[in-house]
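Peer 1: Below is a structure I'd like to ask you about.
Where a number appears in this text, it was derived from the coordinates with a stated rule and is not lab data. The structure presented is a predicted model; accordingly, all values stated were derived computationally and were not measured. Note: ideal-geometry Cβ built from the backbone for every residue, glycine included; neighbour counts use all protein chains shown.
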Amino acid sequence: MDVIACVKLVYDEAQIPVEDGNLLIEQAPVKISDADLNALEEAAQIKEREEGNVTAIVVLTGPFDEAVLNEVLAMNVDRIIIVEGKEVRGHNPYRTAQAISKVIQRENINYDIILCGEGTSDQYSCALPAIVGEMLSIPVITFAGRLEINKGRIRAERYLESGFEVVEAPLPAVASVTPEINEPRIPTVLQIMKAKKKEKTKVKASDLDLNYPDIELIDMKAYMRERLRQRIEGDMNKAIGKIMRVFEEKGVIR
Amino acid sequence: MRALLFSDPSNLPKLVSASKDIAEEIHAITWEKIAVPVDRLEVIKGALVNDCWVSQLHEEIKTFDLMLMPATRDSKEIASRLAAKRGLPYISGALSLKASDGLLTTRVVFGGRGIEELKISMPAVITVNLDVYEPSFGEPKSVEERKIECSSKISSIKERERKTDVDLTKAQVIISVGRGLKKKEDLSMIKELASLLGAEISCTRPISADLKWLPEERHVGMTGVKVKPKIYLALGISGQIQHAVGFRDADTVIAVNTDPDAPISEISDYFIVENLYEFVPKLIKAIREKRKEKSN
Ligand SMILES: Cc1cc2nc3c(=O)[nH]c(=O)nc-3n(C[C@H](O)[C@H](O)[C@H](O)COP(=O)(O)OP(=O)(O)OC[C@H]3O[C@@H](n4cnc5c(N)ncnc54)[C@H](O)[C@@H]3O)c2cc1C
């Protein structure tokens, strides 16, 4: 059972400094997009159960840190394919999905399943897995909170606003997974050291002949809202009194 | 501009509101008859999985400038696949839409820390975040009903549960619980407080998705509902950005947390460092006394 995991490197959203209403994104450290960790973990578990290889594909849309690539490899990934170049920079899930689909075909990467996170920590468009499925003409299963593989078929519990839906499809297929599907392993220092020696293949985006509809970024601003930030600590009566006054002011006690 | 709307029946009235400002002609497709003021309503039965909708809509979309869907998880899949099939630009979870030599949209990024403005050409496919819209009801100018046959490689083994009517976006007071709540049974104390205040109960994603103590439609945040109550009372919630973006538009945010350094301290109006298990019973008592006082 060969698995491809699609992985995005992102700026850690929790550590982006804000200055005058602007996000200084490039000053934040780089991390693996949260739900992609779940895709990597699921890929590793499938490999450990069914035998086979895990290939990670990383399209560099901006953020980059070699150490984070090693963290990807340390999650029992066999090799990593990195698509780089100005042609893939910036937010455009269509383009990223096309780069992934084309690199899979060009490098002849074997796969039974392609796994992605449900959405990325920075953009959360949730579009890429579905577009990859379309481009490769294979079944698409999104928002899987549970996966089972049995006799060449995949069964998934899709986690939706309205409850759960169980679907089944033949392999090969692409699935996006939710953060609830598993608890991603934290690689040891030794595993990360070893990972440095694993195969990293670089592919130039300019060789992939990408053509896609454009998305033009006009502006980006911080989306925070200032709050009063009054702290009440160590005085329960004061706390209750304060909250009761707020309730009365807002007219919620009838 | 001509817009094609595709939506589950419950989100359609809000989607119509979102499209009214930019489209002169509106066609809508859904699977149950619902009274919405559109030029043409098509009720299509028999499509069981997303695959069926993709192949169905893929033809219908051709003559429109814009295809709009609600930003639900199913729609996000269908919309991106349609965009891929037709080679059209796709924007996911748009907060606003404006026509101007193409289409200007805004969307939330970085888990809720940023908002970006994007421009695309038309025709295009958009999923819209509907939490800010009021529903539009009225009679469609024409209605067509039909049933389709669909064969797909993907089969639905168990159908999804039905959505209930709760609409957290309308709630004036919301009591929200996070992992500071230790067991499901403790929700009874939260319910008691909620009924005293006429409040709705919401939660963080781990409470609905991991623990399944509350239904999914009650989770607030980037992947859940965006609420705008007068009061948002956050009990045992750390305040990670993915959750916090969901209560950004609340008037007043009160947080109760045992950890004096919890991130929610920075994004609440009143931050109370207390154990919720001591705080909630005392608050219930105080409200009861106040009411008694008032009725005397
Ligand atoms: C792609 C993605 C999307 C996500 N989308 C969402 C989303 O839409 N909505 C969402 O909510 N989350 C979302 N999350 C998860 C989010 O990042 C956080 O993990 C989650 O919000 C944390 O929930 P919590 O505050 O309940 O739990 P925790 O972070 O574990 O916090 C529990 C808090 O309770 C406090 N506490 C413990 N005991 C008590 C007590 N007795 N009294 C008072 N306080 C107590 C603790 O000090 C702590 O601060 C998403 C994550 C990912 C990766």
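Peer 1: Per residue and in Å³, how big is the convex hull formed by the alpha-carbon atoms of region A:52-154?
Peer 2: Per residue, the Cα convex hull of region A:52-154 comes to 118 Å³.
Peer 1: Turning to a different aspect of this structure: Using Cβ contacts closer than 10 Å as the measure, can you line up A:ARG227, B:ARG73 from fewest to most?
Peer 2: A:ARG227, B:ARG73
Peer 1: Which values, in whole Å and largest first, are the semi-axes of the equivalent ellipsoid of region B:8-117 obtained as the square root of 5 times each eigenvalue of the Cα gyration tensor?
Peer 2: 22, 17, 15
Peer 1: Among A:VAL30, B:VAL227, B:VAL125, which comes first, second and so on when ranked by fewest other beta-carbon atoms within 10 Å?
Peer 2: The most exposed by this proxy come first: A:VAL30, B:VAL227, B:VAL125.
Peer 1: Compute the signed sum of charges (Lys and Arg +1, Asp and Glu -1) over the other residues within less than 13 Å, Cβ to Cβ, of B:LYS62.
Peer 2: Overall, the nearby charge balance is 0.
Peer 1: Just the number, please: percent antiparallel of the DSSP beta bridges in chain B, rounded to the nearest 5.
Peer 2: 20 percent
Peer 1: Here's a follow-up. Using Cα pairs closer than 8 Å and at least 6 residues apart in sequence, work out the relative contact order for region B:168-295, in percent.
Peer 2: Relative contact order, region B:168-295: 23 percent.
Peer 1: Here is a follow-up. Can you list the lysines whose alpha carbon is less than 20 Å from that of A:LYS194, not counting same-chain residues fewer than 8 positions off?
Peer 2: A:LYS31, A:LYS47, A:LYS202
Peer 1: Name the residue farthest towards the positive end of the dipole of region A:155-199 from the options A:TYR159, A:PRO184, A:PRO170, assuming +1 on Cβ of Lys and Arg, -1 on Cβ of Asp and Glu, about the Cα centre.
Peer 2: A:PRO184
Peer 1: Then there's this: May I ask for the Rg/Rh ratio of region B:170-215, computed from Cα atoms with Rh as the Kirkwood radius, given to two decimals?
Peer 2: Here Rg/Rh amounts to 0.96.
Peer 1: If you line up the long axis of helix B:50-60 against the longest principal axis of chain B, both from Cα atoms, how many degrees apart are they, to the nearest 10?
Peer 2: 50 degrees
Peer 1: A follow-up question, please. Taking springs between alpha-carbon atoms closer than 10 angstrom, which of A:ILE100, A:ILE46, A:ILE218 fluctuates most in the Gaussian network model of chain A?
Peer 2: A:ILE218
Peer 1: Working from the pairwise distances between different alpha carbons, so that the mean of 1/r is found and then inverted, what is region A:112-164's Kirkwood radius in Å?
Peer 2: 12.1 Å
Peer 1: When the Cα atoms of region A:162-254 are enclosed in a convex hull and the volume is divided per residue, what value in Å³ results?
Peer 2: Taking only Cα atoms, region A:162-254 has a hull volume of 414 Å³ per residue.
Peer 1: Multiply the residue separation of B:ARG291 and B:ARG2 by 0.36 nm, subtract the distance between their alpha-carbon atoms, and state the gained length in nm to one decimal.
Peer 2: The span from B:ARG291 to B:ARG2 would gain 98.6 nm if fully extended.
Peer 1: Moving to a separate point now. Trypsin sites (Lys or Arg not before Pro) within region A:163-207: which are DSSP loop residues with at most 16 other Cβ atoms inside 10 Å?
Peer 2: In loop regions of region A:163-207 (DSSP not H, G, I, E or B), the sparsely surrounded trypsin sites (Lys or Arg not before Pro) are A:ARG185, A:LYS196, A:LYS197, A:LYS198.
Peer 1: Taking just the alpha carbons, could you work out the radius of gyration and Dmax for region B:168-295, both in angstroms?
Peer 2: Expressed in Å, the Cα Rg and Dmax of region B:168-295 come to 13.6, 43.
Peer 1: Turning to a different aspect of this structure: So which of B:LYS20/B:LYS62; B:LYS14/B:LYS170; B:LYS33/B:LYS226 end up more than 18 Å apart by C-alpha?
Peer 2: Going by Cα-Cα distance, B:LYS20/B:LYS62; B:LYS33/B:LYS226 fall outside the 18 Å limit.
Peer 1: Now for a separate question. Quick check for me: using +1 on Lys/Arg Cβ and -1 on Asp/Glu Cβ, what's the dipole size of the protein assembly as shown about its Cα centre, in debye to the nearest 20?
Peer 2: 980 debye
Peer 1: Over region A:2-207, calculate the relative contact order: mean separation of alpha carbon pairs under 8 Å at least 6 apart, over the residue count, as a percent.
Peer 2: 26 percent
Peer 1: To the nearest 10 degrees, how steep is helix A:93-106 against the longest Cα principal axis of chain A, on a 0 to 90 scale?
Peer 2: Once rounded, the angle reads 20 degrees.
Peer 1: Take every Cα-Cα pair in the protein assembly as shown and report what % of them are more than 32 Å apart.
Peer 2: 47 percent
Peer 1: Let me ask you something else. Roughly how many whole Å is it from the C-alpha centroid of region A:201-254 to that of region B:77-152?
Peer 2: 23 Å
Peer 1: Okay, next question. May I ask you to give the average projected area over all directions of the convex hull of the Cα atoms of chain B, in nm² rounded to one decimal?
Peer 2: Computing the convex hull of the Cα atoms and averaging its projections yields 17.8 nm².
Peer 1: Need one number: % antiparallel among DSSP beta bridges in region B:1-114, to the nearest 5.
Peer 2: If I count the DSSP bridges inside region B:1-114, around 30 percent turn out antiparallel.
Peer 1: Test of the criteria: in region A:53-135, which chymotrypsin sites (Phe, Trp or Tyr not before Pro) are in a DSSP loop and have at most 15 other Cβ atoms within 10 angstrom of their Cβ?
Peer 2: Answer in residue order: A:PHE64.
Peer 1: Further question: Compute the distance from the alpha-carbon center of region B:172-192 to that of region B:239-258, in whole Å.
Peer 2: 15 Å
Peer 1: For a bin width of 10 Å, list the pair-distance distribution of region A:2-207 built from all Cα-Cα distances, rounded to whole %.
Peer 2: Over region A:2-207, the share of Cα pairs per 10 Å bin runs 9, 37, 37, 15, 2, 0 percent.
Peer 1: List the trypsin sites (Lys or Arg not before Pro) in region A:77-183 that DSSP assigns to loop (not H, G, I, E or B) and whose Cβ has at most 13 other Cβ atoms within 10 Å. Which are they?
Peer 2: Filter output for region A:77-183: A:LYS151.
Peer 1: Scan chain A and report its longest stretch carrying no GluC sites (Glu not before Pro) that are both in a DSSP loop and have at most 10 other Cβ atoms within 10 Å.
Peer 2: In chain A, the maximal stretch lacking such sites is A:52-225.
Peer 1: Net charge near A:ALA67: determine it from the other residues with C-beta under 12 Å of the C-beta of A:ALA67, scoring Lys and Arg +1 and Asp and Glu -1.
Peer 2: Around A:ALA67, the surrounding residues sum to -1.
Peer 1: So what's the angle, to the nearest 10 degrees on a 0 to 90 scale, between helix B:187-197 and the longest Cα principal axis of chain B?
Peer 2: 90 degrees
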